[in-house]
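Only one structure is covered here, and it is reproduced in the block below.
Please treat every number below as a calculation from the coordinates, not as lab data. Please read these numbers as outputs of a predicted model, since none were measured by experiment. Every residue, glycine among them, receives a Cβ derived from its backbone with ideal geometry; neighbour counts consider all protein chains shown.
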Amino acid sequence: MTEHILLILAFFFSALLGFIFIPVILNYCKEKNLYDLPSIRKMHKNAVPRLGGISFLPSMLMAFIGTLFVFYDQAQYGQIAFSLWSIYFFISLSIIYGIGLIDDIMGLSARPKFIAQILAASLMPVAGLYLNNFYGFCGIHEIPYYIGAPLTVFIIVFITNSINLIDGIDGLAAGLSLIALSGFLVCFLNEDLWLYGILIAGLMGVLIPFIYFNMFGKCEKNRKIFMGDSGSLTLGFILGFLVVKYSMDNPNVMFWRPECMLLSYTFIIVPVFDVVRVSAARFFHRTPVFKADKNHIHHKLIRAGMTQHQALACILSLAVLFIGINIALSKFVTSTFIVAIDIIIWIMFHFVLNAVLRKNGLPVFKKEGAYE
């Protein structure tokens with residue numbers, strides 16, 4: 001049995017578990033009255049269960065372990081050895097998942113969540129996994145540990161929160177994560193890192209039933225669900241880990257790949273750019289950077305007249321467009337030039353969107369509201 005069949009098995013096994021777990025979670029939320037209630041800052045109008053993300057980590061890990069266990073001989077891996085990175089990664093992921101779960105059930109302030117994220121991310125450089133090369137971006141190549149380690153922590157925490165903050169309309173965080181995970185899946189398979197491929201396929205699988213219930217479940221029948229922080233933080237942390245893992249220059253694992261950091265960045269452009277833009281806008285308008293508002297990209301598109309599904313399609317298309325442009329340009333120009341082009345495209349997109357809002361007499365920046 002080939003590795004490709006293992007990937008397919010992990011994907012469908014995880015998807016099956018998701019279709020089993022999520023209805024159970026829905027019933028539990030109904031029994032315990034665990035709902036995300038409507039408010040001035042929310043896009044939904046009905047009380048919706050918020051614990052869908054609980055299914056992500058168990059489904060992914062069960063699919064991963066089950067696939068390797070059942071087809072151990074056919075996979076021809078020999079003796080499977082887990083590196084220190086892998087052990088620390090699962091410990092860190094458990095911290096993130098746990099803090100998100102506590103927040104979804106009991107509620108937590110931003111400080112303990114932020115501290116937990118820093119702690120979890122810090123375990124990666126401790127285990128020897130850190131960003132150690134910029135591959136010529138802005139003329140920078142090798143990076144010493146004392147710079148790469150804190151930079152790695154910052155990157156993982158930043159990406160974790162970017163997925164959490166863009167989780168504002170149905171299917172958006174899951175859809176963007178699915179696109180990014182698909183990109184990383186191809187990249188890791190190209191490097192013959194099948195264990196990472198199986199893990200990614202397992203996470204992709206559970207996102208399918210979640211998207212089904214999230215986008216097409218009926219509110220009045222309590223069949224609709226949100227992922228909550230347990231889901232968005234888990235997705236964000238895994239994507240942050242994959243960015244650093246694929247970007248790290250490690251000749252013992254992967255050959256020299258000067259395009260690796262560009263690809264990693266490309267897969268998560270939209271959520272990262274959106275957080276940077278919103279933070280800059282808050283600073284410019286002299287509102288607290290960490291104070292919530294309704295100025296994320298999906299808010300602006302809906303304010304401009306789009307439905308939630310239209311805004312979702314627009315944002316996902318934008319993410320795919322960035323991937324296509326960057327991959328095409330990588331054959332001809334440097335990563336520095338490509339990032340500059342990405343920034344120009346992002347600015348022009350919002351320039352046009354702002355013009356539409358002004359033409360319709362609508363605010364470009366709204367101060368009221370709270371974080372999604």
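Estimated at 0.36 nm per residue, the fully extended path between LEU329 and ALA47 surpasses their Cα-Cα distance by 97.0 nm. Phi angles of the stretch 119-131 translate, via the Karplus equation with coefficients 6.51, -1.76, 1.60 and θ = phi - 60°, into HN-Hα couplings of 4, 5, 5, 5, 5, 5, x, 4, 7, x, 9, 7, 6 Hz per residue; Gly and Pro are given as x. Spacing of the modelled spin labels on ILE344 and ILE65, each 7 Å from Cα toward Cβ, amounts to 5.1 nm.
Averaging sequence separations of C-alpha pairs under 8 Å and six or more residues apart, then dividing by the length of the chain, give the relative contact order as a whole percent. Taking the mean separation of contacting Cα pairs over the length of the chain, I get 24 percent.
Between HIS4 and GLU259, the modelled labels are 2.1 nm apart [label points 7 Å from Cα along Cα→Cβ].
Given the C-alpha centroids of the stretch 135-196 and the stretch 235-296, what is the distance between them in whole angstrom? The stretch 135-196 and the stretch 235-296 have Cα centres spaced 6 Å from each other. The stretch between ASN250 and MET215, if pulled fully straight at 0.36 nm per residue, gains 8.6 nm over its current Cα-Cα span.
The reciprocal of the average 1/r between distinct C-alpha atoms defines the Kirkwood hydrodynamic radius, which for the chain equals 21.3 Å. Choose one answer from ILE156, ILE25, ILE345: the residue with the largest mean-square fluctuation in a GNM of the chain with alpha-carbon springs under 10 Å. Result for the chain, Cα springs under 10 Å: ILE345 fluctuates most.
Residues in the stretch 228-238 carry Karplus couplings, in order, of x, 5, 4, x, 5, 5, 5, 4, x, 5, 4 Hz; the curve used is 6.51 cos²θ - 1.76 cosθ + 1.60 with θ = phi - 60°, and Gly or Pro positions show x. In this rough spin-label picture, where each label sits 7 Å from Cα along the Cβ direction, the LYS30-GLN310 distance is 3.3 nm. A convex hull fitted to the Cα coordinates of the stretch 294-372 yields 101 cubic angstrom per residue.
What's the long-distance tail for the stretch 234-334, i.e. % of Cα pairs beyond 23 Å? Of all Cα-Cα pairs in the stretch 234-334, 43 percent lie more than 23 Å apart. Which residue, chosen from SER317, PHE216, GLY205, occupies the Cα position most advanced towards the positive end of the dipole of the stretch 3-359, where the dipole is computed from +1 (Lys, Arg) and -1 (Asp, Glu) charges on Cβ about the Cα centre? Of the listed residues, the answer is PHE216. Loop-located trypsin sites (Lys or Arg not before Pro) in the stretch 172-258 (DSSP state other than H, G, I, E, B) with a sparse environment of at most 14 neighbouring Cβ atoms within 10 Å: LYS218.
Net length available on complete extension from VAL126 to PHE90 is 11.6 nm, with 0.36 nm assigned per residue and the Cα-Cα distance removed. Based on the Cβ-Cβ distance from ILE118 to ALA280, what FRET efficiency comes out when R0 is 25 Å, to the nearest 0.05? Result of the calculation: an efficiency of 0.65. On the basis of the beta-carbon distance and an R0 of 35 Å, LYS359 and VAL320 show a calculated FRET efficiency of 0.80.
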